[in-house]
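Contents: one structure, followed by commentary.
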Amino acid sequence: MPRPTKTYIINYNVYKLEVTILKVKISFCAIAKNEERCIARCLSSLYGVADEIIVVDTGSTDRTVEIAKAHGAKVYHFEWINDFSAAKNYALDQATGDWVIFLDADEYFPDERSAKAVRSTIEKVHSNLKYDGLYHAIRNLMDTSSKEAAEKANRSFNVRVFRISPNIRFKNAIHEQVSKNGGETETYDMPQSESVIDHDGYKPSLIRAKEARNLEMELCEVRRGNSDPLLFYYIGRDYYHMGKYREALEYFQKYFDTGFIEHCFSVSHYIFHVNTLLELNKPFSESLRVLRRGMREFPSHPGLRLLNAFVLESSKRYPHAIESFEHGFSLAKTYRNPLEFTPNLMEASHARFLALLAQLYERKGDIPKALGAAQSALQKEPFQPSALAVLASAAKSLDQEVLAFIQSNYDLSKPETLQSLLTPLSTARPGVVFLTLFERYYQLTQSKDVNMFTMMAAVGEYAASVDALLARYEATAFEPYASKALGYALVSGNMSLLASVSQRAGGAYARLAEMALGIRTEMAPGDLAAFVVAAHMALGLAGVTPPLEDFASRAVNCFGKDALIQLMLLMHNHECFQDVLDISDMTLESLDDNDILKLGGPIAETAMESAYRLGNTALAERYLLCARENGGHPYVLGSFARFIADGLKKGPERKRFERLSQELLSLDLSEEIERRKKLLLLQQDGEDDGAPLAMQDAN
């Protein structure tokens, strides 16, 4: 095909000067096999930018070839030899242009503007022989439902446009790269604002078969002696996505050991590597070791800081986790390096991390900061569960701020939105926020679904709630209806409602209602579980109330100490911390020698956490020592002592907790087990002084 020209005539009357400027010829190339799903979209997206279209088919059995020809492509055939570079280099051999746009069949330009920007950029840099190609942004689409979803898609960067030259070829049989004389190409950064390439081959419905094919080829390359660090990364990533975490860890460790730093993939490696360690429940110290190196190599990378904070939180190093979260979010505000990190790399996780930071602030007692972090999380993900829980908790003391946020950020004309907000708020005790939204919801729906019954009880409409729940139970025999009805009847303190439960509910819940009424003193062996469920319903709604205390007292008479212990654990979960301490002391003092090693540790651990949540570190230390003597796990206790120490200012108290933490964390567990066995034997022989072990050395 003759090369097109542009001819300009300049006439100066004396002579005629003819200037001929050659137009840059652009080829398009793709290799394909059974790509009828997407080949038409790919070729149509060129918008007349390419001067020739070449498709190399590697063995299609569908309509790929027919569709390609219908779009003006020259189709060539290449026998597949498990080598992507060989097939792509064969396509290059057929091209006659100056530059080539080389896309995969599942890639395409999303609009005419993106395609034409490539031609104008090629024409701009063509005369500058410094540049071998264009470094292009690729949006990896998981969701193609909207333009907004595409903008938030994860982005990678690669060379998809380059000069046609004998020196520029593809290398590597799998995960092929454009290379000049076997090395790197010099590229011009294509502005993302002008052009992107969309890729939908990573959608979950397509990726599994592709990963299996890639993994087979990657392992074949390793067997051939290929030790390219990136190959180890790809193998680890494919194993990770398949859920084969042990195999993934082996190859991530190989990549790690090479010391290779390649900006496009090294950051992703650290994230995959740490997530693999977490999936395998490896010690947190291993994850932190990998992250420390990653943060040294990429000190301004926000994603690594956030993941580091998550690991620190999981290992109960709360103050350090807060510091790392704050640092990570600060970096994310200004981070702009596309080689290390695109703003959307951690976007899907931002809401989760912000919610976790909110929980840490709440644990620390800084409710304004907790609310701020929760609001930031909810602006990214409006119904993030943990953030909504913090919002509900903050509503107890900052009700006007919470209500203003909800009214500004949610469409309260939709019943489903109101219900999604009311569900977490119903656990936070009735207040201005809950009552305002509840009234709005009831006006819109007049509904009486199960969640509605909980909300009705939360605002004091006990009779209507209990009656509706019992009617549901009578119609379905579904036990959760009976447990809710009993719990709400207990909170109401209304004897007639309890009588109604005893008459209309079945089995255990009827017997428990009779126990609460004082007309039953003996229970069935399996009724303790039903007691726990009913107490949970009551505590979730109203906390500890006199009717519930009376119920608990009667339960102890029927079930023994186990009922009291179960109630104590439930109270801790519902933040009734002072009640936990009252019950803990009473329970520990009443335990005999046979129960103390089985129950003493868990009870004291729960009391220890409750004391700390109340701000009483001296009492927390007392219970920690008590748990240590009565079967508490040294690692758990040592970690908690470390956490308390981290939250204290420098001084004798902090040093005491630090020493205690070091002592507990350094214990040989095998020796600890033998110590407890001997202690148990001594108790059985009656050689102790008769005082409950739980209170020995506790002061």
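The values are calculated or read from the model by the stated rules, or taken from the named source; none is laboratory data. Values in this document were obtained by computation on a predicted structure and should not be read as measured data. Note: ideal-geometry Cβ built from the backbone for every residue, glycine included; neighbour counts use all protein chains shown.
Applying the criterion of being over 23 Å from the mean Cα position of the chain (by Cα) and among the acidic types (Asp, Glu) to the residues of the stretch 361-414, the residue that is nearest to Val433 (Cα to Cα) is Asp399.
Candidates are the residues of the stretch 20-33 that are among the β-branched types (Val, Ile, Thr) and surrounded by fewer than 22 Cβ atoms within 10 Å (Cβ to Cβ); the one that is modelled with the lowest pLDDT is Thr20. Filtering the stretch 182-213 to residues that are modelled with pLDDT of 90 or more and within 23 Å of Asn226 (Cβ to Cβ) leaves only Thr185. How many of the residues in the stretch 511-541 are over 25 Å from Met455 (Cβ atoms) and of a type outside the set (Lys, Arg)? Residues that pass the stated criteria total 14. Please verify whether Lys598 is part of a helix (DSSP H, G or I), at pLDDT below 80 and either closer than 21 Å to Leu569 by Cβ or not small (Gly, Ala, Ser) (or both), treating the condition exactly as stated. Yes; evaluated as a whole, the condition is true for this residue. Which of the residues that make up the stretch 160-204 are assigned to a loop (DSSP other than H, G, I, E, B) and hydroxyl-bearing (Ser, Thr, Tyr)? Matches in the stretch 160-204: Ser165, Thr185, Ser193, Ser195, Tyr202. For Arg613, the test of being closer than 24 Å to Asn494 by Cβ and either modelled with pLDDT of 75 or more or of a type in the set (Gly, Ala, Ser) (or both) is failed.
Conditions (1) in a loop (DSSP other than H, G, I, E, B); (2) surrounded by 15 or more Cβ atoms within 10 Å (Cβ to Cβ); (3) in the same structural domain as Val161 (by TED's automatic domain parsing), marked per residue:
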| position | (1), (2), (3) |
| --- | --- |
| Glu35 | yes, yes, yes |
| Val56 | no, yes, yes |
| Asp62 | yes, no, yes |
| Ile81 | yes, no, yes |
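Scanning the stretch 449-498 for residues that are over 37 Å from the mean Cα position of the chain (by Cα) and in contact (Cβ under 8 Å) with a residue 40 or more places away in the chain yields Leu490, Ser492, Gly493. When Asp83, Asp93 are checked against the criterion of being closer than 24 Å to Lys180 by Cβ and modelled with pLDDT under 95, Asp83 stands alone in meeting it. Taking the stretch 151-202 as the range and being without any contact (Cβ under 8 Å) to a residue 40 or more places away in the chain, hydroxyl-bearing (Ser, Thr, Tyr) and surrounded by fewer than 18 Cβ atoms within 10 Å (Cβ to Cβ) as the test, the residues that pass are Ser165, Ser193. One residue stands out among those in the stretch 448-467 that are of a type in the set (Gly, Ala, Ser) and either surrounded by 21 or more Cβ atoms within 10 Å (Cβ to Cβ) or assigned by TED's automatic domain parsing to the domain that holds Ala534 (or both): the one that is modelled with the highest pLDDT, which is Ser465. In the stretch 265-336, counting only helices (runs of 4 or more DSSP H) that sit wholly within it, the ones holding 3 or more residues that are charged (D, E, K, R) and either surrounded by fewer than 22 Cβ atoms within 10 Å (Cβ to Cβ) or touching a Lys or Arg at 6+ places or on another chain (Cβ under 8 Å) (or both) span 284-297, 318-334. Among residues that are at pLDDT below 70 and either within 28 Å of Lys561 (Cα to Cα) or under 38 Å from the mean Cα position of the chain (by Cα) (or both), Gln683 is included.
Filtering the stretch 65-79 to residues that are in a helix (DSSP H, G or I) and of a type outside the set (A, V, I, L, M, F, W, C) leaves Glu66, Lys69.
Can you spot a residue in the stretch 107-130 that is closer than 29 Å to Met217 by Cα and in contact with a His (Cβ under 6 Å, 6 or more places away or on another chain)?
Step one: of the stretch 107-130, the residues closer than 29 Å to Met217 by Cα are 107-109.
Okay, now just the ones that are also in contact with a His (Cβ under 6 Å, 6 or more places away or on another chain), so 107.
Yes - at least one qualifying residue is present in the stretch 107-130.
The residues of the stretch 619-653 that are of a type in the set (A, V, I, L, M, F, W, C) and free of Cβ contacts under 8 Å to residues at least 24 places away in the same chain, listed by number, are Ala641, Ala645.
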